[in-house]
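The structure appears right after this line, and notes come after that.
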Amino acid sequence: MRRALFTLCLVVFACGYQSAPAETSTNAASAIQYSGGDGLTKATAIIISGAKNERDGVESEYSWVRQHLPGAAINSTAIIRDAHVYDAFDVTTASGEKRSIYFDITSFFGKR
């Protein structure tokens, strides 16, 4: 229950977080790196590495969405536990297209 509440607080905080989009796939301020695939499925999830904790990791997910899908609205998020831990974002793009984006959050999930 505490973990779910903590994750919800992180998501709410990240919704209001504003920063300039990164020029590259690396956020130099926090050493966040994005790798993997296009994020359209769990198999091609965007792998986030370099996050010190869940807060940094969640912020990096929202940063990726702002950078790669400008103007998109995040409709919902869900954590999926499988062989890895994923965060699935259901978004509506600026052009009205609905899609899911998967992030592999295994490297930082549960870190404080």
Normalised by the empirical 2.2 N^0.38 Å for globular proteins, what value does the Cα Rg of the stretch 42-112 take? 1.07
Can you give the extra length, in nm with one decimal, that the chain gains between S49 and H68 once fully stretched, where that is 0.36 nm per residue apart less the Cα-Cα distance? 5.1 nm
11 Å beta-carbon shell around N53, net charge (K/R +1, D/E -1): +1
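Where a number appears in this text, it was derived from the coordinates with a stated rule and is not lab data. Small disclaimer: the values here were computed from a predicted structure and weren't measured. Cβ sites come from the backbone with ideal geometry, for glycine too, and all protein chains shown count toward neighbours.
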